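Visitor: Please read through the structure below; I'll follow up with questions.
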Amino acid sequence: MQNSEAHSFWDHLEVLRWSLIRCLGVFFVAAVAVFCCRDFVFANIVMAPAHDDFCLYRLLCRMAVKLSAPSLCPSLGPLEIININLAAQLMVHISVSCFLALLLAVPYILFEAWLFVRPALHADERPLLAKGTLSLLLLFYAGVALSYWIIFPLTLNFLGNYQVSPDVVNRLSLNSYISSLVGLCLAMGLVFEMPVAVGLLARLGILKAGLLVRGRKVAVVICMALAAIITPSTDIFTMMLVALPVYLLYELSIAVARRASRE
């Protein structure tokens, strides 16, 4: 009996080892592919929000014309992104390649995790886990997309145009730009997992929807505090850009908790 259990344990460990190897292989291939596409990646993705022709800026400018509100049209003005460290550009190239490779590899990593745990699940548990995994993935990408397309560009536009004096020209270091972009995208992607976590706790009976409803006022304060932690700056404009979608996630979490409790 002991030999059988030991053999079963090592079999599972071997399956896990090969799953991790395949995940690392996919990540490595994706990282190399992104690294080799440097010109496209940095010109069309990474540095795109730093240019006035970014899609969000063009949309706001069209709205400014239709609404006769010129102030609605953003302009980055004389913002310059510079590098002051010898190896910074190479390290940024590598770190950005790894980050984008992780975004590309996440679906496959979750698929491998699903294959690993599926044999241990009952037939009625598999659809539930599959639905939760898909929700996890979609919400993460939604948070990253919201940060990249809306929150970070507006933050960059606000802080890039902010001047204490006309004599002070805004020159942003490359490391500061990349760390703000990657950090904000990753943080929003993780924050958007809130409904999945709440749904899981509600199904386990640990969390009730009524508790979340009664805690709305506290949630507003927590959302503001969380926004202050996530945002790369302490200005109220950026904090509100983050706090609003986080609070909307809280309301969605209430709906998820109610449904989970009924089920």
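The values are calculated or read from the model by the stated rules, or taken from the named source; none is laboratory data. On a predicted model such as this, the values are computed, not experimentally measured, just so you know. Don't worry about glycine lacking a Cβ; one is built from the backbone with ideal geometry, like all the others, and counts go over all protein chains shown.
Visitor: Just to be sure before I move on: is Phe99 closer than 22 Å to Asp39 by Cβ, surrounded by 16 or more Cβ atoms within 10 Å (Cβ to Cβ) and not polar (S, T, N, Q) in the structure I sent?
Guide: For Phe99, the condition - closer than 22 Å to Asp39 by Cβ, surrounded by 16 or more Cβ atoms within 10 Å (Cβ to Cβ) and not polar (S, T, N, Q) - is met.
Visitor: Could you check region 206-215 and list, in sequence order, the residues that are farther than 16 Å from Pro195 by Cβ and at pLDDT below 85?
Guide: Within region 206-215, just Gly210 meets the criteria.
Visitor: Return the pair list, or none, for Cβ contacts closer than 8 Å from residues in region 141-167 that are touching a residue at least 24 places away in the same chain (Cβ under 8 Å) and over 18 Å from Glu193 (Cα atoms) to residues that are aromatic (Phe, Trp, Tyr) and in a loop (DSSP other than H, G, I, E, B), at least 6 apart or on different chains.
Guide: From region 141-167, the pairs are Pro153/Phe54.
Visitor: Could you please find all residues in region 161-183 being within 22 Å of the chain's Cα centre (by Cα) and closer than 18 Å to Leu76 by Cβ?
Guide: Leu174, Ser176, Tyr177, Ile178, Ser180, Leu181 - these are the residues of region 161-183 that are within 22 Å of the chain's Cα centre (by Cα) and closer than 18 Å to Leu76 by Cβ.
Visitor: If you don't mind, there's one more thing I want to ask. How do the pairs read when you match residues in region 11-38 that are closer than 25 Å to Val117 by Cα with residues anywhere that are exposed (fewer than 13 other Cβ atoms within 10 Å of the Cβ), using Cβ under 8 Å and keeping only pairs 6 or more apart or on different chains?
Guide: Cβ pairs passing all conditions: Ser19/Leu115.
Visitor: Please verify whether region 25-32 includes one or more residues that are exposed (fewer than 12 other Cβ atoms within 10 Å of the Cβ), assigned to a helix (DSSP H, G or I) and at pLDDT 80 or above.
Guide: no
Visitor: Follow-up. Taking the stated definitions as given, is Leu115 at pLDDT 90 or above and either outside any loop (DSSP other than H, G, I, E, B) or over 21 Å from the mean Cα position of the chain (by Cα) (or both)?
Guide: Spelling it out, it is not the case that Leu115 is at pLDDT 90 or above and either outside any loop (DSSP other than H, G, I, E, B) or over 21 Å from the mean Cα position of the chain (by Cα) (or both).
Visitor: Could you pull out the residue among Phe9, Phe40, Phe35, Phe54 that is surrounded by 13 or more Cβ atoms within 10 Å (Cβ to Cβ), among the aromatic types (Phe, Trp, Tyr) and more than 27 Å from Val168 (Cα to Cα)?
Guide: Unique residue meeting the criteria: Phe35.
Visitor: Also: Going residue by residue through region 189-208, is there one that turns out to be over 30 Å from Ser261 (Cβ atoms) and among the β-branched types (Val, Ile, Thr)?
Guide: Among the residues of region 189-208, not one is over 30 Å from Ser261 (Cβ atoms) and among the β-branched types (Val, Ile, Thr), which makes the answer no.
Visitor: Those residues that are free of Cβ contacts under 8 Å to residues at least 60 places away in the same chain, outside any helix (DSSP H, G or I) and either charged (D, E, K, R) or within 15 Å of Leu154 (Cα to Cα) (or both), I need them from region 49-75; list them, please.
Guide: Selection gives His51, Asp52, Asp53, Cys73.
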